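Please treat every number below as a calculation from the coordinates, not as lab data. Note that the structure is a prediction, hence the values are computed from the model and not measured. Every residue, glycine as well, gets a Cβ built from its backbone with ideal geometry; the counts of neighbours run over all protein chains shown.
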Amino acid sequence: GPRIGILALQGDVREHARALTDAGAVPVAVRRESELAEVDGLVLPGGESTTIGRLLRVFELLDPLRAKVAAGLPVFGSCAGMILLARDVVDGRPDQPLIGGLDMVVRRNAFGRQVDSFEADLDVVGVPGPPVHAVFIRAPWVEKAGGAVEVLARVAEAPVAVRQGSLLATAFHPELTGDFRVHRLFVDVVRSSGFGR
Ligand code: GLN
């Protein structure tokens with residue numbers, strides 16, 4: 001299967017590795033540019049986007065990642081990873097580093113303090129079968145999206161899963177439920193992208 005990196009600076013790396021293996025990929029931890037150079041796709045796990053952004057600078061991965069995204073590297077960002085793929089963030093920290101790539105603005109911690117975490121069953125475009133049980137933890141939503149961004153799922157009116165070309169993002173955590181159909185969708189995106197071949 002394709003070699004799919006998991007950015008391993010912070011977040012639930014092990015759960016994504018298990019999900020990717022189940023979905024037919026070979027997971028690889030990525031902490032340095034030389035490791036980034038060897039993957040066919042990349043997962044940005046959840047965690048704290050401000051911390052991950054700061055660590056991307058410390059590990060000198062921010063510019064290499066931006067270049068890889070511009071060159072067509074398929075990336076799946078979950079929660080904090082979704083924020084990192086946005087072009088701008090509302091309620092972010094001032095100067096919080098973003099990778100960008102998706103033509104969208106996200107709102108950080110969008111669901112409010114009273115509802116830090118919740119779960120919902122969502123129909124996700126591109127994921128066949130029953131609804132996806134989605135776990136949201138201090139999640140963002142998509143506040144504004146350009147025409148090239150396809151909305152794959154919503155909670156009420158707010159987009160919570162999107163795709164633009166080989167970039168995929170969910171506000172929720174598909175690695176936590178044992179249902180790895182979203183990871184399978186991403187592995188299909190990686191396979192059909194032909195990136196690096
Ligand atoms: N609230 C976090 C952030 O702003 C995201 C939470 C998560 O990834 N579960 O980055």
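Observations
- In loop segments of the stretch 127-197 as defined by DSSP, the GluC sites (Glu not before Pro) with at most 14 further C-beta atoms inside 10 Å of their C-beta are 157.
- Long-range HN-HN contacts of residue 167 with modeled amide H, under 5 Å: 75
- Nearest-20 debye value, the chain charge dipole, Cβ charges on Lys, Arg, Asp, Glu: 300
- Global geometry of the stretch 93-189, whether rounded, prolate or oblate, following the gyration tensor of its Cα atoms and the 1.5 cut on a/c: oblate
- For the stretch 3-193, the convex hull spanned by the alpha carbon atoms encloses 102 Å³ per residue.
- Scaling against 2.2 N^0.38 Å puts the C-alpha radius of gyration of the stretch 42-130 at 1.17.
- Here the relative contact order of the chain, from alpha carbon pairs under 8 Å that lie six or more residues apart, stands at 21 percent.
- Environment charge of residue 178, counting only residues whose C-beta is closer than 15 Å and scoring Lys/Arg +1, Asp/Glu -1: -3
- Computed from phi, the 3J(HN,Hα) profile of the stretch 162-174 under the Karplus parametrisation 6.51, -1.76, 1.60 (θ = phi - 60°) reads 9, 9, 9, x, 8, 9, 10, 8, 10, 6, 9, 10, x Hz, with x in place of Gly and Pro.
- Summary of the geometry: the stretch 58-127 and the stretch 19-55, compared by the centres of their Cα atoms, lie 14 Å apart.
- When the GluC sites (Glu not before Pro) in the stretch 19-121 are filtered for DSSP coil states and for at most 11 other beta-carbon atoms within 10 Å of their beta-carbon, the remaining sites are 38, 60.
- Classification of the stretch 1-86 by its C-alpha gyration tensor yields an oblate form. The axis ratio a/c (a ≥ b ≥ c) is 1.5 or more, and b/c is at least a/b.
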